[in-house]
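K.L.:
Before I ask anything, here is the structure I am working with.
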Amino acid sequence: MKLPFLLPTLFAISACATGGGSDSAQADLQASCEALVSAETGTQPSGVSAISTQSEPTGTVTTVSVAGAQAPWLCRADATGVVTGVEYSQEG
């Protein structure tokens with residue numbers, strides 16, 4: 001009896017989870033990357049900002065700008081969104 005009311009609700013919830021969840025997860029990942037790069041470089045959080053996040057077969061790479069750095073930092077995360085490391089994108 002309650003099935004006709006339940007189905008539209010399930011569709012609405014799944015639509016929200018699919019669209020908003022991805023953006024929220026990316027924003028959380030970028031914030032984590034900014035914090036880790038800030039800690040690694042000793043730069044104030046205001047001097048660190050995520051530029052972009054690219055998907056790869058094994059997860060993602062977020063490019064992070066650091067004030068005063070000649071090149072961006074890279075923040076790698078696995079497919080589940082767990083950051084696995086940060087590194088400077090140039091040798092040295």
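The values are calculated or read from the model by the stated rules, or taken from the named source; none is laboratory data. Quick caveat, the model's predicted, so the values are computed rather than measured. With ideal geometry, Cβ positions are generated from the backbone for all residues, glycine too; neighbour counts draw on all protein chains shown. Areas reflect the complete protein model, heavy atoms only, side chains present, ligands, DNA and RNA absent. Shrake-Rupley method; radii C 1.70, N 1.55, O 1.52, S 1.80 Å.
K.L.:
Could you list, in sequence order, all residues of segment 33-57 that are more than 16 Å from Ser22 (Cβ to Cβ) and either touching a strand residue (DSSP E or B) at 6+ places or on another chain (Cβ under 7 Å) or touching a residue at least 60 places away in the same chain (Cβ under 8 Å) (or both)?
P.N.:
Within segment 33-57, Cys33, Glu34, Leu36, Val37, Ser38, Glu40, Thr41, Thr43, Gly47, Val48, Ser49, Ile51 meet the criteria.
K.L.:
Among the residues that make up segment 17-26, is at least one of them open to solvent by 60 Å² or more (accessible area, probe 1.4 Å) and at pLDDT 95 or above?
P.N.:
Within segment 17-26 (the criterion being open to solvent by 60 Å² or more (accessible area, probe 1.4 Å) and at pLDDT 95 or above), the answer is no, since none of the residues qualifies.
K.L.:
Any idea which residue in segment 56-92 is most open to solvent (accessible area, probe 1.4 Å), counting only those that are small (Gly, Ala, Ser) and within 10 Å of the chain's Cα centre (by Cα)?
P.N.:
Gly81
K.L.:
From the list Thr41, Thr9, Thr53, exactly one residue is at pLDDT below 95 and either open to solvent by less than 80 Å² (accessible area, probe 1.4 Å) or among the charged types (D, E, K, R) (or both). Which is it?
P.N.:
Thr9
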